[in-house]
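Report on the following structure.
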Amino acid sequence: TGGIAGLAAVAAGRAAEAVMALGRAVGQYASDAATAAAETSKMRLALAGVVGEEAPELFGEIKKVVSDFNVPLQDATKSFTRFVASAKASGVESDDIVKSFRGLIAANKALGGSQEQANGILLAATQVFGKGKLAAEELRGQIAERLPGAVSMMAQSMGISTAELDKRLEEGTVSVADFVKFTAEELGKFEKDAEKISKSPEEAGSRLTTQLDLLQR
């Protein structure tokens, strides 16, 4: 009887500990969710400040990128907000901005790039829009380092040789329109491969993390 009572006491103690642990976990989740929701609200306000009435539609496009290519919502929203602000200032239309953004994200995913590399690529693209032209510094120095073959793909999208591309980069005659065509059309071809990778068993852990983050927000 003493043995059974002892076991029961231990079981009751463990149950009480489990209930307390669950309570702490729920409290922490609620706190984290509130923080995440506040972050999301700030990001949406920042996006609205840049694009105005288009914000809900473009935020939907961001969530589609998150779902299709398994990237964190916060990273995608921050990068896209800067990306769209710079592109709009260069006169790029919203549809082309979305296609360009998706192309860069897809190419990075398909070629095995990390989220850190994706952020670097998008920063370089933002600089291109800010300057109003593509320079060798962005293409060769930042984008091609993270996207193997980017230089030859850029030349192909323009219908010229890499030597001619180098010459035009030197002359500063590779336009934002050329860059948008490259990112939206040429890099857009990577979308199917990128989606396959995002839905593969190898990315199951990342998918779970992404979905839990979305649920929390």
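The values are calculated or read from the model by the stated rules, or taken from the named source; none is laboratory data. Since we're looking at a predicted model, the values are computed, not measured. Positions of Cβ are generated from backbone atoms using ideal geometry, with glycine treated the same way; all protein chains shown enter the neighbour counts. Ligands, DNA and RNA are excluded from the accessible area calculation, which covers all protein heavy atoms including side chains. Shrake-Rupley method; radii C 1.70, N 1.55, O 1.52, S 1.80 Å.
Looking at Lys78, Lys42, which is the one that is within 30 Å of Gln127 (Cβ to Cβ), without any contact (Cβ under 8 Å) to a residue 24 or more places away in the chain and within 25 Å of the chain's Cα centre (by Cα)?
Lys42
This table checks each residue for (1) β-branched (Val, Ile, Thr); (2) part of a helix (DSSP H, G or I); (3) at pLDDT below 80; (4) open to solvent by 40 Å² or more (accessible area, probe 1.4 Å).
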| position | (1), (2), (3), (4) |
| --- | --- |
| Gln28 | no, yes, yes, yes |
| Ala34 | no, yes, no, yes |
| Ala46 | no, yes, no, yes |
| Pro56 | no, yes, no, yes |
| Val66 | yes, yes, no, no |
| Phe80 | no, yes, no, no |
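Output the number of the condition that Met154 fails; it satisfies all remaining conditions of (1) modelled with pLDDT of 95 or more; (2) within 21 Å of Ala85 (Cβ to Cβ).
The one condition Met154 does not meet is (2).
What are the pairs, 6+ residues apart or on separate chains, where a residue within segment 133-156 that is more than 15 Å from Val180 (Cβ to Cβ) has its Cβ under 7 Å from a residue that is open to solvent by 40 Å² or more (accessible area, probe 1.4 Å) and part of a loop (DSSP other than H, G, I, E, B)?
Leu147/Leu111; Pro148/Leu111; Ala155/Ser161
On the basis of being touching a residue at least 24 places away in the same chain (Cβ under 8 Å), out of contact with any Pro (no Cβ under 6 Å at 6 or more places or on another chain), in a helix (DSSP H, G or I) and not charged (D, E, K, R), does Val71 make the cut?
No: the conditions fail for Val71.
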